[in-house]
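The values are calculated or read from the model by the stated rules, or taken from the named source; none is laboratory data. Here the structure is a predicted model, which is why all the values come from computation and not from measurement. Here the Cβ positions follow ideal geometry from the backbone for every residue, glycine too, while neighbour counts run over all protein chains shown. The accessibility values were calculated without ligands, DNA or RNA, using every heavy atom of the protein model including side chains. Shrake-Rupley method; radii C 1.70, N 1.55, O 1.52, S 1.80 Å.
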Amino acid sequence: MELTSGARVAVVGGGPSGSLSAYFLLDLARQTGITLQLDLFEPRDFTQTGPPGCNMCGGVISESLMQKMAAEGIVLPKELLLDAIDSYVLHTDSGAATIHPFHAEMRIASIFRGAGPLGAESQHPLPWSSFDQHLLEMARQSGANVLRRRVRHLDRTPEGHPRVFLHPAKGDSSDSTEPFGTYDLLIGCVGLNGSGVRMFEEMRFGYRPPRNDRAWVGELYMGAKEVHRRLGHAMHIFLLDIPGMKFAAMTPKGHYATFIILGHGVNEEVVKRVFQSPRVRSLFPEGWETPVRPCHCQPRINLGPPVNPFADRVVLVGDCATSRLYKDGIGAAYRMAKACAFTAITRGISAQAFREGYWPVCRQMDRDNALGHLLFSMDGIMRYFSPLRRAMITVIREEQSRPQDPRRLSSAMWDTFTGSAPYRQIFQQAFHPVILWRLFVAMLRALVPGQQTDAIVSTTIRE
Ligand SMILES: Cc1cc2nc3c(=O)[nH]c(=O)nc-3n(C[C@H](O)[C@H](O)[C@H](O)COP(=O)(O)OP(=O)(O)OC[C@H]3O[C@@H](n4cnc5c(N)ncnc54)[C@H](O)[C@@H]3O)c2cc1C
């Protein structure tokens, strides 16, 4: 079962995994002399501000992803990159510590997935552009036929070829039951928000979506001057004693600060408690009240793993299959899109080909995520045992003041939130005997009355 010249491919979903799958597939096909007809279905208009144009995410791109993309010749234009983030500030209830990367090039960029938050349209013309639109345009320029249409239903012909049925176009009142097209290969890139995954479950080839949970994302308008005065060029991570929250993060993005909250079933109560936290409030301008309704959403986050995300002539890529736990989802989509395209061109499009060529890439991420789950499950210990929290801040601060030493804990923290390294490597760094010893000593010091105050309580947010 192979793709030959004239083969038809449908890509459902034009987020990063859809656009990149189309881009890599068309590029590889061209290199091997195969001409494909590729339809990409994406109902969103990424040039719109607010929910109609947004794929709901924190919008942080890891340095490793930007390097990989640049090596492939995918250079992100300046107007996509809103801020270059050069450090992290880790906030706990017991203090804060700043983490700088080892090398200046280990930077991170913040982007808007769509055309920006609701209300931003008043700044006409917008001083930035959409990340997802850029990738979609790349796919179009590679030869993808991009259709702004929502797929309603999927099935197969008796010979096993996937068929795509669309929702009627705007203004079309006919109730068409005819398929839009029959394809040789169907690539599902529908993410986890909305009913896209159900269509693939209903194809009955054994696919079950990954475990997932709701998160919270809000875009807080403060004005560029105030954003940089309060946040600098740092991403602020909050590990606070708030039940239901794993961590929260605030990222500078031009005139906005993007606030995300991750946890188990993040609801209004959790959001309220996070915004009431003195640690969080201290980053907001004096007297500034969180807008009652900033442009916000509650997207689903992949906690993995999926079951059977492939069959003969069908494969799922991106969030609806696998991702990296709590970080670098766009980077994960990039790796999977590339593996999927490479498999389809070099091995074929049977379930066996995807099992051998594509699945190992997903499995590797899923296995690493298992270690990530273990690492994040320890936040319970940290949360209820404040001396450990204080010890962590102390050790990071000590490491940061001695740049010539290997900064193992700082590096583990940096990699946890950037996606620069797998959880396996983070584990080795964080559980190195030297770090365990330093944490133990710092914890003992924190437990001795009168010993802990000067180094820890005096920690300010902007050190
Ligand atoms: C709170 C939060 C913060 C995050 N922050 C970051 C971050 O800072 N950095 C990072 O790298 N990752 C982050 N992620 C993860 C990242 O958002 C995802 O990994 C990434 O969007 C996955 O891309 P995708 O293309 O697989 O899915 P999506 O981006 O969800 O795209 C799916 C696309 O499919 C389309 N679609 C759905 N159904 C249909 C249909 N029936 N017909 C046609 N089209 C359809 C949708 O319109 C959408 O455009 C975050 C996630 C969450 C929840």
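Only one of the numbered conditions (1) in a loop (DSSP other than H, G, I, E, B); (2) open to solvent by 50 Å² or more (accessible area, probe 1.4 Å) is not met by R335, and that is (1). When the range 26-43 is filtered for residues that are under 26 Å from P179 (Cα atoms), open to solvent by 60 Å² or more (accessible area, probe 1.4 Å) and in a loop (DSSP other than H, G, I, E, B), only T35 remains. May I ask you to say which residue of F238, F247 is in contact (Cβ under 8 Å) with a residue 60 or more places away in the chain and in contact with a His (Cβ under 6 Å, 6 or more places away or on another chain)? Exactly one residue qualifies, and that residue is F238.
For every residue, the table says whether it meets (1) at pLDDT 85 or above; (2) under 26 Å from the mean Cα position of the chain (by Cα).
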{"position": "A344", "(1), (2)": "yes, yes"}
{"position": "I349", "(1), (2)": "yes, no"}
{"position": "F354", "(1), (2)": "yes, yes"}
{"position": "P360", "(1), (2)": "yes, yes"}
{"position": "Q364", "(1), (2)": "yes, yes"}
{"position": "L374", "(1), (2)": "yes, yes"}
{"position": "M378", "(1), (2)": "no, yes"}
{"position": "Y384", "(1), (2)": "no, no"}
{"position": "R390", "(1), (2)": "yes, no"}
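Within the range 62-79, if we keep just the residues that are out of contact with any helix residue (DSSP H, G or I) (no Cβ under 6 Å at 6 or more places or on another chain) and within 14 Å of the ligand (Cβ to nearest atom), the residue that is most open to solvent (accessible area, probe 1.4 Å) turns out to be K68.
Take the conditions (1) within 9 Å of the ligand (Cβ to nearest atom); (2) of a type outside the set (A, V, I, L, M); (3) farther than 28 Å from R149 by Cβ; C57 misses just one of them, which is (3).
Is it the case that the range 95-112 has a residue that's in contact with a strand residue (DSSP E or B) (Cβ under 9 Å, 6 or more places away or on another chain), away from the ligand (no atom under 13 Å from the Cβ), open to solvent by 10 Å² or more (accessible area, probe 1.4 Å) and closer than 15 Å to V146 by Cα? No, the conditions are met nowhere in the range 95-112. Of all residues in the range 406-446, those satisfying the criterion of being aromatic (F, W, Y) and buried (at least 18 other Cβ atoms within 10 Å of the Cβ) are W414, F417, Y423.
Scanning the range 213-224 for residues being crowded, with 19+ Cβ neighbours inside 10 Å and within 11 Å of the ligand (Cβ to nearest atom) gives a total of 4.
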